[in-house]
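We did not get these values from a lab; they are worked out from the coordinates using the rules stated. Nothing here was measured: the structure is a model prediction, and the numbers come from that model. Positions of Cβ are generated from backbone atoms using ideal geometry, with glycine treated the same way; all protein chains shown enter the neighbour counts.
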């Protein structure tokens, strides 16, 4: 089993979502390299911590496209759309949200290639930003097609700055990190054909849903390398989610108790049981 405990970048400002997404991308990339370099057999991967983003965010969608399941939501049979059922944090402004997750991915779980999920997630963020700026669907499509060409580092840097992803708002997102983004962000024109059918009045929600649906379709058609590897091992073990709970219990109903002063986060507990998954 591989276990990662993390705390993604604060604050919740949407200008930081690209950095949080990049952090998750690097975590998964490092895990994949670690498994290859050490010749590990397929093992369950658990990611836990404060993700500074809810089920409505791009990080959540990105992890789902990578085959991870939220243990708490799975234990309670909540769907991806059930973002209002529970909370785990009350911030310094008194706002409540669900940002603490324990993610599980078992060996053989189907998921998109990491680089493809990264490209689609970044594209989704940029499209959402364009919608927030009041761009029309036609203009968004035109700009997306432009991004499908081989942009120079200067062009991409300028475009990101125009959308609010500056070094200041991204807390020292240095040029080297933008270059990493540029190397991962080249989009083939064929991958953009699905965006040519935008209706005349496309809202931000519709754009994000369209992107998510496309990810779901590809997720069903892509099989991870672990799935192929699992058949070669007779003792591949996975984990079954037996239960999950948040404390205090009131947060499981989407409310924060006024008398709870232990922390501004609700502790999340998950019970997992080993099981053989190669049969």
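Numbers for the structure displayed
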read-out	value
Computed FRET value (nearest 0.05) for residue 78 with residue 247, which takes r as the C-beta separation and R₀ as 22 Å	0.80
Sorted by Cβ neighbour density within 10 Å, fewest at the top, the residues 259, 100	259, 100
Order of 132, 37 under a 10 Å beta carbon neighbour criterion, fewest first	37, 132
Set of region 56-89 residues, backbone N closer than 17 Å to the point 7 Å along the Cα-Cβ line of residue 255	84-89
Förster radius 22 Å - calculated FRET efficiency between residue 240 and residue 34 (Cβ-Cβ, nearest 0.05)	0.35
Ellipsoid semi-axes in whole angstrom, largest first, where each is sqrt(5λ) of the Cα gyration tensor of region 1-129	24, 17, 14
Residue order, fewest to most surrounding Cβ atoms within 10 angstrom, among 26, 61, 119	26, 119, 61
